[in-house]
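Okay, structure first, notes after.
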Amino acid sequence: MLIADFEAESFPCKCCGKYSPQLFEFQLNRKADWFRRRIAASMNSCASNEIAYLPFFVKHCTQNMNVKIISAGAGSGKTYRLTDELVKFLESDKVRPSGVIATTFTKKAAAELHERVRTRLIEEGLSSKANELGHAMIGTVHSLGVKLLSRFALEAGISPNVDIIAEEDEQLFFSQSLATVMTNERVSRIEALAAKLSQSAAETGSNDWRQMLKDITVLARANDFGTDVLLSSKQASISEFEKFLHPEEGDEEFVAMDADSWNSRLSELLEQTVERLNQNEDSTKKTRDVAEDLQKLLFKLKRGEQLIWADWAKISKVSVGVKSRPDVEDLSAFAKAHYLHPEFRQDISDFISEMFDLAVAALSEYQNFKKQRGLIDYTDMEVLVRHLLDREDVRSILKEELDLLMVDEFQDTNPLQLDIFLKLSRLAKQSVWVGDPKQSIYGFRGAEPALIEAIIAAQGGLDPKNIQAYSWRSREGLVNFSNAVFTSAFNRMPAEQVALSAIRTAAEEPAEAGVPVVLWDLAPTEAASRWRQEWMFNFIAAAIARMLADPPLVFPKGENEWRAARPGDVAVLCRSNKACHTMAEALHRVGLNASLARAGLVETAEARLLSACLRLILNKYDSLSKAELWYLSTDHNLENIIQNRLDFLDDAQHGISEAGWGSEVGIIAQINQLRPVVGELSASELILLLLDELDLRRIIIRWGNAEQRLANVEELIKTARDYEDACSRRNAAASITGFLMWLNELSRAKQDGQGAADTPDAVKVLTYHKSKGLEYPIVVCSNLWQPMRADLWGASIVRNSDPIDLSEPLGGRWLRLWVNPYGKQSQRTVLAERLSSSDAQRLETERAMAEEKRLLYVGFTRARDYLVLPASSKYPPQWLDRVMSLPDGISDVFQLLSSGELNWNGRPIIVESKQMEFDTEPAAVEAVAQEAFQYFDSPSGKAEHQDYFFDLSAIRPQFTVEVAGSYATPLDDLGEQEMAALVKLFRSLRLDYDEKLIAGLIEDQYRLLPSLSEAITDGELLKRLTAFVEMLTRSIGGSYEFLLPLEGVLEGKKYQLEVDVVAIAESEASIVQHCGLPAQAKVKDRYFIQETAKLHLSKLAVSDFYSVSSCRCFLHSPLSGQLLRIDFSDYSSS
C-alpha cells in the first residue's frame, strides 16, 4: 500500500476522536521512513516532540483542559502571583472556597499559601470567604490524594480509614518482602554474576547490584509499570544491549570458538607473553609492572579460577615500553575481542534477567504484604487516585464540585502526579499551574521535563501576560548576568520566558557595594606537578576567609539597610553530599564554622553523654557508662578514672558492691536517685527529664560550639520521638533498650543526621539541589570544574514513541537496564566505543546537558548580592563552558568573562576577576571565637542566705511580770486541742458582745470540737468569758481594735503578726495577746519566752503604726484566768 492511498480519516486523534486533514498533510510531508514507522505504530497519538508544528492537532488534545500556565522564574514572586490568582478567583464569585484544590510541593508552602490568601481576603473585607477557606483542599499532592481516597474509598476498593505506610517504613517493609523471595540459591547465582560483571560491593562500593535492584523497583512503581511491562522491558534491555556486541569483519574465528577454547587460548597467550617480557631487554618500570600483573592473572587461571570481564578489558589495554609492544600485541588483540566470548553475552543476559525477575517477585510479594495488612504506600495512593479519576461516577461528582485547580511547582511533579493533574484539569472549571521549567532539577525523583514542555507546547506556548517578568531578589548586575548566560543556554525557549528585569537597580546601590559577579582564579603559591582536586576546596575556603576579613556590603532579605557581610551570609553550593563534607572540612581548617547537616550524631560527645545516662538508668552495674559519664561531666582525665576503677576492683574483693563504684560523682549519684521513679517514661520523656534534672545542657555548652551541640541535643530528642512514632505505627512496644539499638542501626547506616545550627557565624554548605527555593546574600558555586556524567549504565526510563501522548503520559515507555561489565576498566573497550557513537548515548548526553543547565540556573539565581565563580587553570569551569554558548574566537569562559564581550541588551556584563594564590595544605587555624553563650546562671547550691522573715526564736527580751488582774480559777487537765479551741474562742470575743452572742460563740466552738463541752460546761465557759470582758473594760480603756494585722522590719528582716486586742487612749496604747500559757508556767519556760518575744514585736509595730509615746503590754492566759502585765526593758538577739 502506498502512502497516497491513506485517507485522513485513518488517523483519528486518540484523545478526542476527531480527524485532522492538517495532521495527515503534515505526515505526508515527513520523511517516508519516519511515516512508515508511525503507521506501523497505528499513529494513535496526537502529541509529539514536533508539537509546536501541530497547532490544529494539539488543540484537540487540550481543548478540555482550560489550563493557565504561569511561568515564574527564580525570585520573580511566584508565591505572590499564586496568592493573587486565588484571591481574584474568590473575589469574582466564580470560585467557591470549597471548590478549590491547590497543591504545593511542601507542607510549609501550603501553610504559607493558605495564610497569605486568608490575610488578603480579610484585608479586602471578605471575612466570610476567609473563614470558608478552611473548606478548600490546600496541601501537598500526598495530602490531596489521601483526602480523595478517603472520600471515594468504596469506589477505590479500599477502607475509608486509609492507612498509608510512612515513607520511612516503606523501605523496611519492602526489604522484608525482598528477603522472602531472596532464596540462598538465587543470592548465590546473582552474587556470582555480579562478581564477574564487577557489580559487587567490592568493585562499586555501596552501589552494588542491590542498589540497582532498588532503582528498578522504584522506577517501576513510580511509573505504574506492571509485570507485563517489566518482562517486556527485560527482553528489550537484553536485545538492545546485544546490538552492541555484534562481530566485525574478520572476527569469524572468534565467533566459532566455544568457551573452553577462549579460556585455553587466553592461558597460552598469557604464558607466552609473560615469558617474552621476562626475557626481553626492556627493563622499564612500566613493562615490569605489566609483566607482574599478567603473571598474577596466569596464576589465577592455573588455579582453576575464572577471570572477571574487567580482567579481560585490562589485558586488552596493557601499556608497555616501546621495545615490548610487539610482545603483547597478540595477547592484547585477543583479549580485545572478548565481547564475542559466548559467556560474556550470556553473563550479561543472565544478570539482567535475574534483576528483572527478582524485581517482579519482590514487587509481587510487597503487594501481598500490604494487602494482607490493609496497607498502601504513597505510590499506591497515586496509582489509586489516577485510576479513580477514570471512573465516570467520580468524574461527574468532581466536575460539578471542582471550580479551581491550582498546581504549584508543576515542573517538579513525577509522571504519575502529572497525569493526575491533567485528569483533574479536564474536570475543573479553571486551572492554574505555576512553576518554572528551567528549575526542573528533580529528575532523580521522577520529574520528566519533556512532559512539562509538551504540555506548554500543547497550550500553544505561554501567554506573555502569564510570564513573571521581574526579579525581586537579585541585584541588577546578577539578573543581567543570568539573562546573558541562560537565554543562550535555553535557546529553545523564547527569551522573554528566560530573562527577567531587576527591581533592585544599580542606581539604588551604595558606591561601596562591590561588583555582583566575581571570578576567583585560584592557584597554589608554588608550581605543582600534580594537582589534587581537594586543593580546590582548600583554596575556596581560604578565599572565603580572605573575603570575610575585608567583608563586602550585603543587603540580606528582611533587613532594611546594607551592612558588612558575616559568615552566615555566605552559601557554598556543591554537586554532592560528599563534596559538601569536604568543603566543610576545608572551611574548618581555615578557622570558619560550617552549617551542614551531616551524619555522625551518635558519635558526638553530647549524644554519648545522653546515651550513657540512658544505659546507666537501665543497668546500675554498667561501669563503662559510669566511666564515660565521669569523663564527660568532670575535669578528671581518663588515666585517673581508670586508676580509680582499678583501686575499686581491689577493694571489691573485700565485699564492696559493684553498684557503688562512681557514686561519689554527682551525675552518677543523681541518676541512682532517679532510677526508681523513671521506669514508665519513654525515651524522649526520659531524655528531657535528664537534661533538666542533671542540668546536662550546662555541661554540654562548656565544650564550645554551643549552638551546634544544642542543635544535636534537639535532634536526638527528635530521633527518640521518631523511634516512638515508628513503634506506634508498627504496633510494637517502644523501650529505652529499643531506642539505643535504633540509634546504633542509624549510625551503622550513616543515617544519624546531626542538627543543623543555622547561626550567623557559620558558612552555609549545601548541594545545588537542596538550595532550590532558598536565597543568600553571597553564593559561591563550587564544583564548576566537574565533568558531565552521561553514562548509560543502570536503570532508566526510555520513551519508545516519538510523540508524547498527553492523554496517556505514562504510555509508550519502558524500563531499560544496562550493566557495565567492566567496573573501572570500562574505558577504551569496543563496547565503550560503540556506545559512545550510539543514539542512546546521544540522547543521554542531551538529557544530562539539559539537567546541567537547569541545575546551574538554580545555583546562579540563589544569589541576592554576589555570585562567586571559583576556578583555576588546572580545574577550569567546564560546567559553565558546557552551558554557555561561546562566541567565535573565545576558547573558554575565563577568556569570555575577562574579555568584556559578554553583554545583555547591548550592555556589557562587568565581572571582577581576582587572582589568588594559596598554600596547597593551609596551616590549621583555630575556629573563630564565638560569643559567650548566654545561659542561666549556675545553680548556687546550698549557701548561707539571710532569712527574709525575722526569726522570733532569736529574740531574748528583758522583761518583768506582774498580775494585772484575775477573773476566774485556773483550769487543769485540758488537752492540747481543747486548749487551742479555748484560746480561739477568746480571740473571737468582742467587748460589746452580750450574753446571747457569747453563747452563740460557745455553741459554734462545741460543734467544731465536741470534746471541749466535756472538759468545761457551757455555763462555766460563759461565766469566764463575761468576767474577762468586765475585767478588761476596767483595766484598759480607750478605743479597741481586734485581730489587727501588722508588719515591720527588724534588723533588716521582715516580721508579720496579728495583735489580738489593741486599745488606744490619747498618746498611750495597750495591747493584749491571748496565749495558751498553763497556770503553772514559769518565766523561763520556752513557751513563755516565745510568747513574750511575739508580744515585744507587737509593741514595736503598734508604737510605730499609732505613733504613741508608750505602750502597755499584756498576756492573757484563759487557762490561768489571769491578765499578766509585761514590762520590757531591753532585748537581745542570738
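Our summary gives region 952-1133 a relative contact order of 35 percent, counting only alpha carbon pairs under 8 angstrom and 6 or more residues apart.
The value of relative contact order for region 258-340, using C-alpha pairs under 8 Å at least six residues apart, is 36 percent. Each peptide in 855-867, 427-439, 216-228 was scored by the mean count of other Cβ atoms within 10 Å over its residues; highest first, the order is 855-867, 427-439, 216-228. Placing a label point 7 Å from the Cα of Q533 along the Cα-to-Cβ direction, the residues of region 831-858 with a backbone N closer than 18 Å are 849, 852, 856.
Computed over neighbours whose Cβ is under 14 Å from that of R288, the net charge equals -1, Lys and Arg +1, Asp and Glu -1. The stretch between K996 and L1050, if pulled fully straight at 0.36 nm per residue, gains 15.2 nm over its current Cα-Cα span.
The HN-Hα couplings worked out from phi for region 280-295 by the Karplus form 6.51 cos²θ - 1.76 cosθ + 1.60 (θ = phi - 60°) are 7, 8, 7, 10, 5, 4, 4, 5, 4, 5, 5, 4, 5, 5, 5, 5 Hz, whole numbers, x standing for Gly and Pro. The simple spin-label model puts a point 7 Å past each Cα toward its Cβ; for E559 and H246 those points are separated by 6.5 nm. Remark: region 946-952, residue by residue, has Karplus-estimated 3J(HN,Hα) of 5, 4, 6, 9, 5, 8, 4 Hz, where x stands for each Gly or Pro and the curve is 6.51 cos²θ - 1.76 cosθ + 1.60 at θ = phi - 60°.
Diffusion coefficient (Stokes-Einstein, Kirkwood radius over C-alpha pairs, 25 °C, 0.890 mPa s) for region 173-317: 129 µm²/s, rounded to a whole number. Its Cα gyration tensor gives the chain an equivalent ellipsoid; the semi-axes, largest first and in whole Å, are 83, 41, 34. Between R391 and R956, the modelled label-to-label distance comes to 9.6 nm, taking each label 7 Å out from Cα in the direction of the beta carbon.
For region 993-1105, the equivalent ellipsoid built from the Cα gyration tensor has semi-axes of 29, 19, 14 Å, listed from largest to smallest.
Convex hull volume per residue, computed on the Cα atoms of region 695-773, equals 148 Å³.
Pairs of Cα atoms nearer than 8 Å and 6+ residues apart set the relative contact order; for the chain it is 14 percent. From the alpha carbon centroid of region 367-417 to that of region 1026-1043 is 92 Å. With θ taken as phi - 60° and the Karplus curve 6.51 cos²θ - 1.76 cosθ + 1.60 applied, the whole-hertz 3J(HN,Hα) list for region 85-94 is 4, 5, 4, 4, 5, 5, 5, 6, 6, 7 Hz, x standing for glycine and proline.
The angle between the Cα long axis of helix 449-458 and the longest principal axis of the Cα atoms of the chain comes to about 80 degrees, rounded to the nearest 10. Proximity of backbone amide H atoms, modeled 1.01 Å from N, is registered between L681 and no other residue at under 5 Å, excluding neighbours fewer than 5 places apart on the same chain. Axis of helix 736-748 versus longest Cα principal axis of the chain: the two differ by about 30°, to the nearest ten degrees. Starting from the Kirkwood Rh over alpha-carbon pairs, what translational D in µm² s⁻¹ does region 946-1007 have by Stokes-Einstein at 20 °C and 1.002 mPa s? My calculation gives 138 µm²/s for D. Here region 258-340 has an Rg and Dmax of 12.1, 37 Å, counting Cα atoms alone. Packing around the peptides 360-372, 547-559, taken as the average count of other Cβ atoms within 10 Å per residue, puts them in this order, highest first: 360-372, 547-559.
Close amide H pairs (under 5 Å, H built 1.01 Å from N) link V572 with K764, V765, L766, V780, residues at least 5 positions away or on another chain.
A cut-off of 5 Å between modelled amide H atoms, ignoring neighbours fewer than 5 places along the same chain, links Q430 with L404, L405. Among C1113, G753, L294, flag the residue with its Cα farthest along the positive direction of the charge dipole of the chain, charges on Cβ as +1 for Lys/Arg and -1 for Asp/Glu. Of the candidates, L294 comes out farthest on the positive side.
No lab work stands behind these numbers, since they all come straight from the coordinates. Since this is a predicted model, take the numbers as computed values, not measurements. Every residue, glycine as well, gets a Cβ built from its backbone with ideal geometry; the counts of neighbours run over all protein chains shown.
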